[in-house]
Structure formats: C-alpha cells, structure tokens
Amino acid sequence: MVCIRKRFFNSNRLLLAPFGLWPGEETIFTRFQATLLCSFLIGSIVFQLSRLFIAECNFDFITRIFSYMSLFVMFTSLSVVLWIHMETMKYLFDQLQYIYDRLKDRNEIAIYDKYGYIGNHITTTIITLVVCGLCGTSVILYYWPFIFDIIVSKNESYAIHTMQFVSEYFNVSEKYCVLLFMHWTASGTIGLIAFTGAGTMVLSYFQHICGMFEIASYRIEQAMAIELLHNFHIKNGIVICRKMICAIDIQRQAMELATHFITSMEGPVFVMVITTVLSMTCNLFRLFQIESPMERMIEILFHLWAVFFILVILFLANYVGQEVIDHSNHVYIITYNVSWYLAPLHIQKLILFLLERSHKIFTLSAGGLFTASIECFATLVKVSMSYFTFMYSIQ
C-alpha cells in the first residue's frame with residue numbers, strides 16, 4: 001500500500017516534524033516542541049507590542065513596528081492554527097489516503113499521482129527559494145555592512161550603523177542591540193521555516209482536491225463513452241449508472257474535504273487576510289518614508305523583501321483557490337459536452353441532476369467576504385495600494 005504522506009508530503013514532514021507540527025506523530029515530546037515554538041513566536045509579537053506602551057509613540061513609530069510585527073503575526077497564526085487543529089489535519093490526511101486506496105483504475109491512479117507530484121514539485125520549489133532567500137538575507141545582514149565599509153569609506157563603520165538602526169527601529173538601548181538582533185533573526189528564521197512547511201502542505205493538500213475533481217471528470221467521460229451509448233442494453237445501462245455514481249461520489253468527497261478544511265480554518269484565514277493587507281500597506285509606507293536610501297540600505301531591503309514575500313503569499317493562496325474553482329467548473333463542462341442526448345431518459349435525468357449540482361460555482365471562501373481567486377488577489381493588492389496612498393497623503 002502506498003502511503004501518500006511519505007510519497008507526496010515528505011518535504012513538509014522534514015520542515016514541520018522538528019517543531020512538533022507534523023500531523024499523525026503527536027506525542028508528549030512533539031506537544032512540548034509545538035508549545036515551545038508557538039510560545040517563542042508569540043513572545044516575539046508580545047515584545048513588539050510592548051514597545052508601543054513602553055516607548056514614546058508617534059505615527060511613524062507605530063507603522064515601523066507594525067511593518068515588522070505583522071509578518072510575525074502571519075508566521076505565528078499559521079503555526080498556532082496547525083497546532084490547534086492537528087487532529088483535523090490528521091483526519092483530512094486519512095481521508096486522502098482512504099480515497100487513494102479505493103482507486104482501482106490505472107488512469108485514475110495516474111491522475112491522482114500527477115496532482116500529488118505537482119504539489120510536491122511546488123513544495124520543493126518554494127523550499128528551495130526560501131532557503132536561497134534565507135542564505136541571501138544572512139549574507140546581507142552580516143556581511144553587507146563590512147562590504148559597504150570597503151566600497152563607501154566613512155569614518156563611522158556601517159556595522160555600527162546597523163546596530164544603531166536596530167536600536168532606533170525598536171527604540172531600545174544600544175547595549176541590548178546584539179541580543180535583540182540575534183533574537184530577531186532567530187525568531188524570523190524559525191517562523192519562516194514553520195510557515196513554509198505549513199503553507200506548502202496546504203497547497204499540496206488542495207492539489208489533491210483538484211486531482212479528485214479531475215478523476216470525477218474522467219469518470220463522467222468513461223461513463224458516457226460513445227461505444228456504451230450506441231450499443232445500449234440493460235448491462236451497459238447498469239455500467240453507466242455505476243460509473244456516474246462513482247463520479248458524483250468522488251466529486252462530493254472533494255467538495256466535502258475542501259469545505260471541511262475551510263470551515264475549520266475560517267477564522268484564522270480571515271485574520272491572515274487582514275494581516276497581509278495591513279503588512280503590505282505598512283511596509284510600502286515605510287519604504288517611501290526613507291529619505292537617505294544609501295544610509296538605510298538594510299531597512300530598504302527588509303521592506304522590499306517583506307512586500308515581495310506578501311505578494312507571493314497572496315498570489316499562491318489565491319491561485320490555489322482559482323485552481324479549485326477551475327477544476328470544479330471543468331466537471332460541469334465535461335458533463336455538458338458528453339453525448340448525454342444518446343442516453344436513455346433515466347440516465348439523462350441523472351446527468352441533469354449532476355449539471356444542476358455542478359452549475360453552482362464551488363469556491364474557497366473565508367467568512368463569506370474573501371473568495372480565493374485571481375480576482376481576489378487583484379482586489380487585495382488594490383486595497384493595500386489604496387490604504388498606502390491614503391496613509392501617504394495624510395502624513
């Protein structure tokens with residue numbers, strides 16, 4: 001028996017297992033690991049919020065803190081949600097395994113494998129980009145000041161200037177800068193790794209959902225094959241009915257699994273959408289607030305990276321939603337285009353029932369306000385730009 005977790009989700013397991021967030025391996029030790037991770041990330045957010053009450057606040061300082069803290073809210077919320085809904089994810093994985101084990105047709109298995117490998121390739125690509133990004137960021141953070149000391153000689157070292165930037169950014173004493181800088185980079189790296197593992201796992205999960213819709217389309221095509229309709233008799237009628245029932249069944253399972261996931265994560269997804277819009281707005285605002293780019297290069301690179309990262313996250317999340325919509329609509333298109341008019345009346349009624357069901361667009365919606373799609377991605381970017389324009393105009 002093929003285990004889909006080991007076959008298609010092994011990369012996610014390697015990222016999440018060290019933090020105790022991998023579904024299906026819950027022990028006392030993994031609970032401790034997950035608790036430690038979430039406490040560490042939440043502690044970082046609390047520290048950021050504490051600066052708003054301890055330090056002297058103004059509009060510029062608030063946007064500066066929120067531009068960084070909002071990223072941590074994204075990292076932490078997904079990790080905490082996965083930690084809380086560990087049993088839900090285990091149940092969903094068990095359902096995917098159950099559906100895979102019931103497939104007998106080689107073509108259906110090939111379809112399921114194809115979408116599983118697509119999800120695996122997406123995961124591998126994202127992990128590679130994240131690793132390259134972390135390495136590049138580490139080089140910039142640790143070696144850029146010294147490179148700048150060589151290229152642009154100043155009386156004041158750029159390494160010292162970096163520590164001054166950290167002190168100013170968080171409004172803390174300079175003697176705590178090194179400790180704060182280490183905490184900043186460590187918590188950001190750990191949070192990004194956990195976020196990448198959880199996010200790519202969700203992307204791969206919905207690729208399997210798309211594969212189930214594709215199998216439903218395949219079953220409809222096979223049920224309404226021309227040779228069965230032209231040489232119709234009672235035996236062929238039974239075969240057609242059975243295949244149509246199987247197609248409807250796997251379509252129903254795909255919709256139920258997608259709905260179950262969205263229903264369980266509806267509140268956190270809604271919070272994450274609001275957070276991403278706020279984060280991109282604040283980072284864009286901070287980017288255009290910098291007056292001396294050469295002297296504040298690290299800050300510019302940080303905000304540019306944050307904006308790019310948020311755009312990628314928004315696009316991937318909405319792209320997966322668009323994929324689910326397209327594959328669900330494909331079932332309707334296939335049903336409409338088959339030679340249903342050659343089938344007997346009782347089978348035509350069954351097809352009409354399927355058309356009526358598939359005609360309603362199936363979407364991934366959070367709170368009824370945000371429906372994952374390319375259109376939603378464009379809307380969220382537009383909203384972020386509108387808020388940024390408003391903040392920039394009233395400064």
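The values are calculated or read from the model by the stated rules, or taken from the named source; none is laboratory data. All of these numbers come straight from a predicted model, not from anything done at the bench. FYI the Cβ positions are ideal-geometry reconstructions off the backbone, even for glycines, and counts take in every protein chain you see. Keep in mind that these areas ignore ligands, DNA and RNA; they rest on the heavy atoms of the full protein, side chains included. Shrake-Rupley method; radii C 1.70, N 1.55, O 1.52, S 1.80 Å.
Laid out as a table, the results:
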{"item": "Efficiency of FRET from Cβ geometry, PHE59 and LYS382, R₀ 25 Å, rounded to 0.05", "result": "0.60"}
{"item": "FRET efficiency, 1/(1 + (r/R0)^6) with R0 35 Å, evaluated for LEU36 and LYS90 via beta carbons", "result": "0.95"}
{"item": "Sequence of CYS282, CYS132, CYS246, CYS241 from largest to smallest accessible area, 1.4 Å probe", "result": "CYS132, CYS246, CYS241, CYS282"}
{"item": "Heavy atoms of ARG252 accessible to a 1.4 Å probe, total area in Å² rounded to 10", "result": "80 Å²"}
{"item": "Radius 13 Å from Cβ of TYR319, net charge of other residues (Lys, Arg +1; Asp, Glu -1)", "result": "-3"}
{"item": "Positive minus negative residues near TYR91 (Lys, Arg vs Asp, Glu; Cβ under 15 Å)", "result": "-3"}
{"item": "Zone of LYS104's modelled label, taken as backbone nitrogen in segment 246-279 under 15 Å from a point 7 Å along Cα→Cβ", "result": "246-247"}
